[in-house]
Amino acid sequence: MPLKAINPTTTNAWKNLQQHFDQGGKDINAKELMQSDPARAKEMKIRWKDFYVDYSKNRVTHETLELLIQLANEVELSDAIEKYFSGDLINQTEGRAVLHTALRNNAEDIFHGEKNISADIRKTLAKIKVFSTAVNDGSWKGHTGKAITHVVNIGIGGSDLGPQMVVDALKYYKTDLDVRFISNVDGDHVMETLKDLDRETTLFTIVSKTFTTQETLSNAQTVRSWFLEDAPTDAVEKHFVAVSTNLEAVSNFGIAQENIFPMENWVGGRFSLWSAVGLSIACAVGFKHFNALLEGAHEMDQHFKDQPLEGNIPVVLGLLTIWYNNFFGAESEALIPYTQYLQKLAPYLQQGIMESNGKSVDRNGDKVKYQTGTIIWGEPGTNAQHAFFQLIHQGTKLIPTDFIGFKTSLYGNKDHHDKLMSNFFAQTEALLQGKEEAEVHSELKAQDKSPEEIERLLPFKLFEGNKPTTTILIDQLTPKSLGSLIAMYEHKLFVQGVIWNIYSYDQWGVELGKQLGKAVLKDLEAGKEVIHHDASTNTLINRYLD
Ligand SMILES: O=P(O)(O)OC[C@H]1O[C@H](O)[C@H](O)[C@@H](O)[C@@H]1O
């Protein structure tokens with residue numbers, strides 16, 4: 001069954017939320033509420049396994065939360081969750097199920113229509129295990145009999161961002177293999193990646209769900225030609241493997257049948273790191289850790305599926321976004337992980353969240369009259385503090401921010417970790433508390449400023465406070481906790497999509513640019529003056545051709 005199409009703005013909860021917002025909700029001051037009700041911190045938190053999610057620094061009251069849950073109930077979120085996990089065709093515009101959760105469910109047999117897909121999932125997983133183990137233990141040899149030292153993943157979008165983020169995030173757990181990524185069709189990017197590689201000890205994984213993506217196919221061709229400059233044609237089978245749903249195109253490319261790792265259409269590209277797309281992850285950190293990543297995600301899946309809405313982490317996070325996006329008019333959300341390992345989390349989730357929920361037509365095919373997808377951005381703390389936190393603290397925009405931190409670091413080094421985490425806690429405190437006039441006044445006075453100077457400087461040194469943050473404190477960055485964290489955001493964006501009544505699992509918005517790109521490429525190749533584009537594009541192309 002497809003998802004029901006319920007316009008959220010027609011629900012009673014939406015109207016009540018609007019009224020609640022107009023009649024005081026917009027002025028909710030989390031700082032004051034925290035002072036008057038210290039129990040708030042205990043009540044507005046979710047403790048789950050090694051996660052501690054504190055959302056008490058948000059502009060919400062218990063009433064707000066009740067109304068948001070009421071909204072989730074009225075749009076039948078629980079029914080949608082059920083359909084998501086049971087393989088209903090919830091990606092209706094592409095006629096597909098959305099079953100990336102099946103990839104990490106080792107406990108049950110999952111059905112896609114009549115077909116039990118778990119056997120195939122386990123088979124592919126076993127193939128990943130055998131292959132990644134052989135590459136790591138040196139039993140997979142290159143064509144001259146040498147073991148593999150470098151793996152290069154060639155893919156873009158979902159076939160790049162997820163594996164790249166995870167490989168970077170789990171660097172601590174890395175094997176001896178050097179794993180790199182080529183994504184952009186920028187030839188310089190390709191050559192920079194190849195330049196110090198030894199053909200005899202490098203393995204290329206070509207990853208493309210469709211195997212039609214221009215960037216990936218061009219890069220794969222270029223890399224193959226580079227490889228064949230100094231290797232015989234039959235060496236390709238020892239150095240090239242592929243991951244795709246399009247098995248025919250892969251064999252036409254010249255990849256041996258046994259070197260193909262299949263994936264299925266019910267896995268969206270941006271949710272595919274759990275599938276064979278994660279091959280480079282298994283190579284980089286070993287199969288054991290890849291499996292732990294899947295386990296962590298599965299545990300979050302269980303939580304999301306079974307936990308009542310009020311105590312359900314992705315649900316609560318998703319509802320907070322709705323509150324800010326649709327009632328306060330906040331346009332973006334920042335994600336600040338306090339670990340350098342997660343430096344690619346925001347770019348990864350930009351695809352996950354913005355490609356999923358950047359839609360303006362609802363599930364009835366009508367143009368929506370409310371805001372949908374949020375803009376996602378972020379960088380690791382503390383770097384972010386020295387770059388753009390000024391705007392979060394004192395700018396004019398409301399930017400709800402997730403702070404993600406870990407109780408213990410990986411190398412110990414407590415001295416550094418205490419410094420890192422003191423910033424983590426202090427920033428959410430500063431954003432909540434702000435700094436009032438009296439405090440600024442006495443600080444300036446203590447610096448021996450004259451009354452005139454104090455008066456002049458005071459407005460610039462004030463901090464409003466009441467800037468909303470959610471703290472996600474996790475015990476340690478492990479493959480398992482990373483799996484849970486990623487799955488948490490996957491489900492959060494699902495919740496938002498259900499409430500906004502949009503289709504989160506298609507991405508038609510990326511097609512037009514690709515189409516026009518092909519036409520422009522023909523013009524560039526022809527090299528003749530163009531006149532059939534708009535005036536600006538004609539001028540630019542002609543200048544390029546000149
Ligand atoms: O894996 P591929 O088929 O090569 O697709 C790579 C990417 O292509 C497009 O840009 C889609 O919008 C992405 O969702 C996808 O991840």
Check: Counting only residues that are under 27 Å from F290 (Cα atoms) and acidic (D, E), how many does segment 89-120 have?
Finding: 3
Next item on the list: Could you tell me which numbered condition E299 fails, if it satisfies all but one of (1) part of a helix (DSSP H, G or I); (2) within 16 Å of the ligand (Cβ to nearest atom)?
Entry: (2)
Notebook entry, point to check: Among the numbered criteria (1) surrounded by fewer than 18 Cβ atoms within 10 Å (Cβ to Cβ); (2) of a type in the set (A, V, I, L, M, F, W, C); (3) touching a Ser or Thr at 6+ places or on another chain (Cβ under 7 Å), which single criterion is violated by F328?
Noted result: (3)
Checklist line | Those residues of segment 32-57 which are charged (D, E, K, R) and either part of a strand (DSSP E or B) or buried (at least 16 other Cβ atoms within 10 Å of the Cβ) (or both), in sequence order | finding: R40, K45, R47, D50, D54, K57
Notebook entry, point to check: Which number in (1) in a loop (DSSP other than H, G, I, E, B); (2) within 16 Å of the ligand (Cβ to nearest atom); (3) touching a residue at least 40 places away in the same chain (Cβ under 8 Å) marks the one condition that P163 misses?
Noted result: (1)
Notebook entry, point to check: Taking E74, is it surrounded by fewer than 23 Cβ atoms within 10 Å (Cβ to Cβ), touching an Asp or Glu at 6+ places or on another chain (Cβ under 6 Å) and either among the charged types (D, E, K, R) or without any contact (Cβ under 8 Å) to a residue 12 or more places away in the chain (or both)?
Noted result: no
Notebook entry, point to check: What number of residues within segment 146-160 are away from the ligand (no atom under 11 Å from the Cβ), within 29 Å of M354 (Cβ to Cβ) and either hydroxyl-bearing (S, T, Y) or in contact with a helix residue (DSSP H, G or I) (Cβ under 6 Å, 6 or more places away or on another chain) (or both)?
Noted result: 2
Check: Given segment 336-454, what helices (runs of 4 or more DSSP H) lie entirely inside it while holding 3 or more residues that are more than 16 Å from the ligand (Cβ to nearest atom)?
Finding: 389-394, 414-433, 437-446
Checklist line | Matching entry among E490, E525, E511 (being modelled with pLDDT under 95 and assigned to a helix (DSSP H, G or I)) | finding: E511
Checklist line | Residue tally, condition crowded, with 16+ Cβ neighbours inside 10 Å and either over 30 Å from D362 (Cβ atoms) or without any contact (Cβ under 8 Å) to a residue 24 or more places away in the chain (or both), over segment 1-30 | finding: 1
Margin query: Restricting to segment 35-50, give me the number of residues that are closer than 21 Å to L431 by Cβ and under 22 Å from the mean Cα position of the chain (by Cα).
Written below: 1
Note to self: outside any strand (DSSP E or B) and either within 16 Å of the ligand (Cβ to nearest atom) or under 23 Å from S356 (Cβ atoms) (or both): is that true of V135 in this structure?
What the structure shows: no
Notebook entry, point to check: Quick check: is even one residue across segment 147-155 free of Cβ contacts under 8 Å to residues at least 60 places away in the same chain, touching a Gly at 6+ places or on another chain (Cβ under 8 Å), assigned to a loop (DSSP other than H, G, I, E, B) and under 16 Å from V243 (Cβ atoms)?
Noted result: no
Next item on the list: Spot the failing condition for G465; the list is (1) part of a strand (DSSP E or B); (2) surrounded by fewer than 21 Cβ atoms within 10 Å (Cβ to Cβ), and only one is missed.
Entry: (1)
Item checked: Which numbered condition I486 misses (of (1) among the β-branched types (V, I, T); (2) away from the ligand (no atom under 16 Å from the Cβ); (3) in contact with a Leu (Cβ under 9 Å, 6 or more places away or on another chain)) -> (2)
Next item on the list: Pick out the one residue from L309, L349, L319 that is more than 22 Å from F406 (Cα to Cα) and surrounded by 23 or more Cβ atoms within 10 Å (Cβ to Cβ).
Entry: L319
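Yes/no per residue for (1) in contact (Cβ under 8 Å) with a residue 60 or more places away in the chain; (2) surrounded by fewer than 19 Cβ atoms within 10 Å (Cβ to Cβ); (3) under 24 Å from I322 (Cα atoms):
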position	(1), (2), (3)
N364	yes, yes, yes
I376	no, no, yes
I392	yes, no, yes
L398	yes, yes, yes
S422	no, yes, no
A426	no, yes, no
L431	yes, no, yes
H441	no, yes, no
S450	no, yes, no
Notebook entry, point to check: Which one of A72, A97 is more than 20 Å from T11 (Cα to Cα) and small (G, A, S)?
Noted result: A97
Margin query: Being farther than 30 Å from A30 by Cα, of a type in the set (D, E), more than 25 Å from the chain's Cα centre (by Cα) and not assigned by TED's automatic domain parsing to the domain that holds L493 is true for just one of E82, E108, E94. Which residue is that?
Written below: E108
Margin query: Residues that are within 16 Å of the ligand (Cβ to nearest atom) and crowded, with 23+ Cβ neighbours inside 10 Å, at least 3 per element: which strands (runs of 3 or more DSSP E) completely within segment 202-271 meet that?
Written below: 202-207, 240-244
Note to self: Test of understanding: among D120, D178, D168, which residue is away from the ligand (no atom under 16 Å from the Cβ), of a type in the set (D, E), touching an Asp or Glu at 6+ places or on another chain (Cβ under 9 Å) and in contact (Cβ under 8 Å) with a residue 12 or more places away in the chain?
What the structure shows: D120
Margin query: Let me confirm something: among G465, G497, which residue is modelled with pLDDT of 95 or more, under 17 Å from the mean Cα position of the chain (by Cα) and either at positive phi or within 16 Å of the ligand (Cβ to nearest atom) (or both)?
Written below: G497
Item checked: Subset of segment 445-472 [touching a strand residue (DSSP E or B) at 6+ places or on another chain (Cβ under 9 Å) and of a type in the set (V, I, T)] -> T469, T470, T471, I472
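The values are calculated or read from the model by the stated rules, or taken from the named source; none is laboratory data. Computed from a predicted model, the values in this text were never measured in an experiment. All Cβ positions, even for glycine, are placed from backbone atoms using ideal geometry, and neighbour counts span all protein chains on display.
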